[in-house]
Amino acid sequence: MILEALSYGFMQKALIAGIAVGLICSFMGTFLVLRRYSLFGDGIAHVAFGGISVGLFLGVFPLWTAFIVSIFGGLGLQKLRQSTKISGDSAVAVVLVSGLAVGVILVSSSGGFSVDLFSFLFGSILLISQEDTIMILALSAGIIATLTILQKQFLHLTFNEEQAKLAGMRTTLLNYAFVVLASITVVTSMRLVGILLISALIVIPNITAMQFGKGFKKTVFISMSISVISVVSGILVSYFLNVAPSGTIVVIAVGILIGTLLLKSTGLLGKIDIKNPSKLTHNS
Amino acid sequence: MSVTNVLDVKDLTVNYDNLPAVDNISFDVKQGDCLGIIGPNGAGKTTLFRAILGLQPYSGNIKLFGYEDSKYDSIVPLIGYVPQKVTFEPNFPATVYDVVSMGLISDKRIVQGVKLIQQCDCCWNRIYQSIEKNDDKITQALHTVGLESLRNRRIGELSGGELQRVFIAKALVKDPLLLILDEPVASVDVESQTKFYNVIKTINEQNNITIIWSSHDLDAISKYANRVACMNKKIFFHGEKEKFFSDKELLKMYTESSMQMHMHNHEH
């Protein structure tokens with residue numbers, strides 16, 4: 001049955017793009033969650049909604065306008081945090097509602113919600129074209145490469161910004177690079193779970209991974225694994241049950257989080273050896 | 001030939017809301033010094049350190065290894081600084097090894113700083129051109145602070161004393177010529193304090209690292225520092241520790257000033 005599902009071109013594309021998105025969301029999400037930017041994804045996704053509306057309104061490819069508007073939204077958010085005393089979550093709220101408001105105005109003036117817009121709101125991974133898949137793969141490769149190159153700097157910046165500055169890092173520039181990268185990640189990932197659920201893919205695998213109490217590299221690895229498992233099983237389950245893949249992916253990720261929390265509460269989680277997960281060890 | 005001072009502070013003033021936190025102070029630090037800065041809470045010790053590190057606007061003049069302005073910025077990353085408290089997310093997924101390795105990030109400005117220090121007439125034996133991740137350096141820094149066995153432990157699981165030693169290892173891993181420690185043993189138990197002071201003594205005497213260290217603990221200062229600066233907004237003593245501890249008037253003045261500040265803090 002699974003082989004039959006995998007034989008369809010649309011399923012292959014969905015799984016390939018889904019895995020790529022799962023990897024970038026979890027990697028980027030590690031930094032976002034630790035910097036208390038958990039709702040950044042939500043904020044930027046709503047700005048992207050404004051960007052998509054601009055594209056639909058102007059009759060240009062909406063994903064490009066979404067990228068441009070989201071990057072500016074991310075930079076605006078960073079500027080708002082740095083130059084005013086507005087806290088991170090309030091700044092996200094301001095940017096989020098601004099993007100949404102612009103989107104609503106443009107949508108209403110261009111004749112209401114269309115199928116295109118719904119596909120961005122709720123995700124449409126099973127409908128993506130070959131070109132979309134290639135674009136998602138190329139952007140994901142770029143994001144993972146950049147994050148890998150800058151991971152030391154981002155880790156230090158995330159750990160303690162003042163210490164990073166004293167270490168000679170250009171923290172202002174790195175902060176802007178960080179939000180631009182996060183904005184591109186969010187817009188690239190929108191096709192998988194949609195604007196409304198994008199935060200789930202950024203936040204949930206990381207919160208789950210952090211329960212294991214491991215170091216940075218292992219935590220990123222666990223988070224990526226949980227993300228890929230959620231995406232692959234979510235797409236397959238949604239195919240067999242004929243339900244929306246975006247919701248299924250998120251429900252599975254939440255299920256893994258709940259399972260992990262239950263394991264942790266029983267004390268079993270600390271005894272799982274990550275190198276050999278089937279083995280229980282007696283580490284202190 | 002005179003050897004360049006590690007630090008020269010001249011007429012330094014830092015104001016908060018037009019009130020001086022540091023009031024027109026001048027002092028210098030020579031290579032190999034272990035300078036203990038004592039003063040009551042609110043005396044301006046942390047503000048002084050932040051000004052030296054370029055984190056705080058000030059008036060006056062500060063030179064590091066004889067350099068100021070843009071060259072100064074290249075040298076700051078080479079200073080090892082351990083703040084009074086480093087705040088981080090309790091669940092932060094970083095091991096002791098991860099945190100110490102953060103001290104080794106390479107950057108063009110750091111390379112420039114290394115060159116600048118090599119050009120001044122301080123004795124610095126490190127000949128590398130860039131500072132990059134190096135497992136041996138991390139292991140050595142962890143060995144110096146006695147934390148090899150905890151290298152894979154998550155930092156959120158460490159005690160206050162262990163955490164302070166991790167941050168010292170992070171500061172040491174880049175082979176600094178100058179180490180600044182801001183009340184390093186505040187909220188650390190007595191046993192850890194002794195270990196900590198032994199680490200300070202080792203790195204000062206064996207590694208020839210200049211140390212500036214603030215503390216309330218007169219006993220520790222008398223044991224481990226070779227010079228003392230006593231401040232309460234202004235510096236009212238700076239010199240050899242023997243001179244400070246043999247001067248009963250100075251000791252009395254410090255004790256009274258500390259008591260007054262202590263009472264003042266309790267009243268508010």
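One line per residue, one yes/no per condition, for (1) over 28 Å from B:V96 (Cα atoms); (2) crowded, with 19+ Cβ neighbours inside 10 Å:
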site: A:L75; (1), (2): yes, no
site: A:G88; (1), (2): yes, no
site: A:I128; (1), (2): yes, yes
site: A:I134; (1), (2): yes, no
site: A:T158; (1), (2): no, yes
site: A:A164; (1), (2): no, yes
site: A:V187; (1), (2): yes, yes
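Residues in the stretch A:29-52 that are over 17 Å from B:N91 (Cα atoms) and out of contact with any Phe, Trp or Tyr (no Cβ under 6 Å at 6 or more places or on another chain): how many? Steps first, please.
Within the stretch A:29-52, the subset over 17 Å from B:N91 (Cα atoms) is A:39-52.
Checking which are out of contact with any Phe, Trp or Tyr (no Cβ under 6 Å at 6 or more places or on another chain) leaves us with A:39-51.
Count: 13.
None of A:Q211, A:Q153 is under 21 Å from the mean Cα position of the chain (by Cα), within 12 Å of another protein chain (Cβ to nearest Cβ) and in contact (Cβ under 8 Å) with a residue 40 or more places away in the chain except A:Q211. Each residue in the stretch A:43-92 was checked for being under 22 Å from A:T158 (Cβ atoms), among the small types (G, A, S) and over 17 Å from the mean Cα position of the chain (by Cα), and 6 of them qualify. Does B:D182 meet the test of being in contact with a Lys or Arg (Cβ under 6 Å, 6 or more places away or on another chain) and surrounded by fewer than 23 Cβ atoms within 10 Å (Cβ to Cβ)? Answer is no for this residue.
Only strands (runs of 3 or more DSSP E) whose full extent lies in the stretch B:33-98 are considered here, and the ones with at least 1 residues that are under 16 Å from A:A167 (Cβ atoms) and within 10 Å of chain A (Cβ to nearest Cβ) are B:80-82.
Of the residues in the stretch A:209-232, how many are of a type in the set (S, T, N, Q) and either at pLDDT 95 or above or closer than 17 Å to A:A45 by Cα (or both)? Total satisfying the criteria: 4.
For A:V254, the conditions (1) within 12 Å of chain B (Cβ to nearest Cβ); (2) surrounded by fewer than 24 Cβ atoms within 10 Å (Cβ to Cβ); (3) closer than 26 Å to A:L96 by Cβ all hold with the exception of (1). Against the list (1) more than 14 Å from chain A (Cβ to nearest Cβ); (2) in contact (Cβ under 8 Å) with a residue 24 or more places away in the chain; (3) assigned to a strand (DSSP E or B), the condition B:D28 fails is (2).
Would you mind stating whether A:I68 is in a helix (DSSP H, G or I), more than 14 Å from chain B (Cβ to nearest Cβ), under 30 Å from B:P93 (Cα atoms) and of a type outside the set (F, W, Y)? Please lay out each step first, then the result.
Details: in a helix (DSSP H, G or I): yes; more than 14 Å from chain B (Cβ to nearest Cβ): yes; under 30 Å from B:P93 (Cα atoms): no; of a type outside the set (F, W, Y): yes.
When the stated conditions are applied, A:I68 does not pass them.
Looking only at the stretch B:133-179, which residues are farther than 20 Å from B:K195 by Cα, assigned to a helix (DSSP H, G or I) and in contact with a helix residue (DSSP H, G or I) (Cβ under 7 Å, 6 or more places away or on another chain)? Spell out the reasoning first.
At the first step, the residues of the stretch B:133-179 found to be farther than 20 Å from B:K195 by Cα are B:133-137, B:152, B:154, B:156, B:174-178.
Restricting the remaining residues to those that are assigned to a helix (DSSP H, G or I) gives B:135-137, B:156.
Once the filter is applied, which keeps residues that are farther than 20 Å from B:K195 by Cα, assigned to a helix (DSSP H, G or I) and in contact with a helix residue (DSSP H, G or I) (Cβ under 7 Å, 6 or more places away or on another chain), the stretch B:133-179 yields only B:K137.
Summed over the stretch A:15-44, residues that are buried (at least 23 other Cβ atoms within 10 Å of the Cβ) and aliphatic (A, V, I, L, M) total 9. Against the conditions (1) hydrophobic (A, V, I, L, M, F, W, C); (2) surrounded by fewer than 19 Cβ atoms within 10 Å (Cβ to Cβ); (3) more than 14 Å from every other protein chain (Cβ to nearest Cβ), A:L173 satisfies every one except (3). Residues that are touching a Cys at 6+ places or on another chain (Cβ under 9 Å) and of a type in the set (V, I, T) within the stretch B:177-208 comprise just one, B:I200.
Just checking, which of B:I209, B:I221 is at pLDDT 85 or above and under 25 Å from B:V22 (Cα atoms)?
On the way: B:I209 fails: under 25 Å from B:V22 (Cα atoms).
So the residue among B:I209, B:I221 that is at pLDDT 85 or above and under 25 Å from B:V22 (Cα atoms) is B:I221.
Against the criterion of being at pLDDT below 80, of a type in the set (D, E) and either part of a strand (DSSP E or B) or out of contact with any helix residue (DSSP H, G or I) (no Cβ under 7 Å at 6 or more places or on another chain) (or both), B:E249 qualifies. Comparison of B:V185, B:V228 shows that the only residue that is modelled with pLDDT under 80, touching a helix residue (DSSP H, G or I) at 6+ places or on another chain (Cβ under 8 Å) and not in a helix (DSSP H, G or I) is B:V185. Within the stretch A:180-192, at least one residue is hydrophobic (A, V, I, L, M, F, W, C), more than 9 Å from chain B (Cβ to nearest Cβ), in contact with a Cys (Cβ under 9 Å, 6 or more places away or on another chain) and more than 16 Å from A:G73 (Cβ to Cβ). Would you call B:V76 more than 14 Å from the chain's Cα centre (by Cα) and within 30 Å of B:Q118 (Cβ to Cβ)? Answer is no for this residue.
The values are calculated or read from the model by the stated rules, or taken from the named source; none is laboratory data. Note that the coordinates shown come from a computational prediction; the quantities given were computed from them, not determined experimentally. We place every Cβ from the backbone using ideal geometry, glycine too, and count neighbours over all the protein chains shown.
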